[in-house]
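Working notes for the structure below.
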Amino acid sequence: MPRPVTLFTGQWADLPFEIICQKAKSFGYDGLELACWGDHFEIHKVLDAKSGGAYVKNKWATLQKYGLKCFAVSSHLVGQGVCDNIDVRHKQILPEAIYGDGNPEGVRQRAAEELKSTAIAARRFFDAAPQNNPIKRTVVNGFTGSSIWHLVYSFPPVLPSQLEEGYKDFAKRFNPILDVFDKHNVFFALEVHPTEIAFDIVSAQRALKALNNRKAFGFNYDPSHFVYQGVDYVQFIREFSDRIYHVHMKDSWFSPAPRRSGVFGGHLPFGDPERYWEFRSLGHGSVDFEEIIRALNFIKYDGPLSVEWEDQNMDREHGATEAAAFVKKADFAPSDIVFDAQFDR
């Protein structure tokens, strides 16, 4: 049975929920991964004692109306506020109630509480899922932020104790969040990504170690953040085979020849032709998706393949339609036989 192909709604939050449902169906998707911004998944409406049940029922009814399923919700923006060094940039991405007066520690604490509430809301939402939308694991995808991302380049020389303190800070802030996730049988899937506590294989291992490998914390696998860094994105799947809780299908391109800007981007905006790398619509970048599908088959991942569509130089509706078809063509089921076992027949 093919894996369901879903569309992450984070880049479509300017559209009302029913409109993105209508469009996603017309683009060829099987379901949605709902972002916790815009009106796509409003956690405080889910948790409202009087109207939460009706809100959830209406969400599922709208999904069903368009023949769509849902397997995960995503809280990337609020998650970024949990461990980050907060500054004025965060006012752009955080809800007003979370950013408040901008006092960094207050922002971090409010973001942590919001992430706990997101776990409870996800549990209530997926407990109400219709029978034709079975959920093997309730997943909240997201970011963590990082108090040590600014130390990624070691000059002035970074002291080992600074990195250790960063991972301790991450564990101190995330373990109470994960206690709530555990209580409600929900899993947090970090999208390993620059600016997060984990941005490659080595830092992902260190993040797990900081949490004593607790099972509530795993990964939302996304190869687009690895390929331009030079990270082995297929090895990531094998190395964390029991922690791949969700998968983003997203492409990025890097130049085969030197450019005037490098991996750090030269402070150029996305879409600038002088960038060394760019996020691109699926099939237009440098990621080898066949090897990813083979690795996912090897680890027996049977969850959704969720398209996170980003390409600064392509119309998003054209790109999202093309991407749905690309993923459905790229995916294939694993073998249930040993092919050469038939030679002795």
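The values are calculated or read from the model by the stated rules, or taken from the named source; none is laboratory data. All values derive from a computational prediction rather than experimental measurement. Note that we place each Cβ from the backbone using ideal geometry, even for glycine, and neighbour counts take in every protein chain shown. Just so you know, the surface numbers come from the protein's heavy atoms only, side chains and all, with ligands and any DNA or RNA stripped out. Shrake-Rupley method; radii C 1.70, N 1.55, O 1.52, S 1.80 Å.
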Which of the residues belonging to segment 217-234 are closer than 20 Å to residue 330 by Cβ and open to solvent by 60 Å² or more (accessible area, probe 1.4 Å)? 232
Being more than 14 Å from residue 148 (Cα to Cα) and open to solvent by 10 Å² or more (accessible area, probe 1.4 Å) is the requirement here; does residue 214 meet it? yes
Taking the criterion of being over 27 Å from residue 93 (Cβ atoms), more than 17 Å from the chain's Cα centre (by Cα) and either of a type in the set (A, V, I, L, M) or open to solvent by 30 Å² or more (accessible area, probe 1.4 Å) (or both), would at least one residue in segment 183-190 satisfy it? yes
Would you confirm whether or not segment 39-47 contains a residue that is over 30 Å from residue 169 (Cβ atoms), within 18 Å of the chain's Cα centre (by Cα) and modelled with pLDDT of 95 or more? yes
Taking only segment 243-294 into account, find how many residues are touching a residue at least 40 places away in the same chain (Cβ under 8 Å) and aromatic (Phe, Trp, Tyr). 6
Single residue of segment 81-140 satisfying the filter (exposed (fewer than 13 other Cβ atoms within 10 Å of the Cβ) and touching a residue at least 24 places away in the same chain (Cβ under 8 Å)) that is nearest to residue 49 (Cα to Cα): 130
Log entry, pairs with first residue in segment 181-195 being free of Cβ contacts under 8 Å to residues at least 60 places away in the same chain and in a strand (DSSP E or B), second being open to solvent by 50 Å² or more (accessible area, probe 1.4 Å) and of a type in the set (Gly, Ala, Ser), beta carbons closer than 8 Å, six or more apart or on different chains, reads none
Enumerate the strands (runs of 3 or more DSSP E) found wholly within segment 215-326, keeping only those where 1 or more residues are among the hydroxyl-bearing types (Ser, Thr, Tyr), touching a strand residue (DSSP E or B) at 6+ places or on another chain (Cβ under 6 Å) and on the phi < 0 side of the Ramachandran plot. 217-221, 244-249, 251-254, 305-307
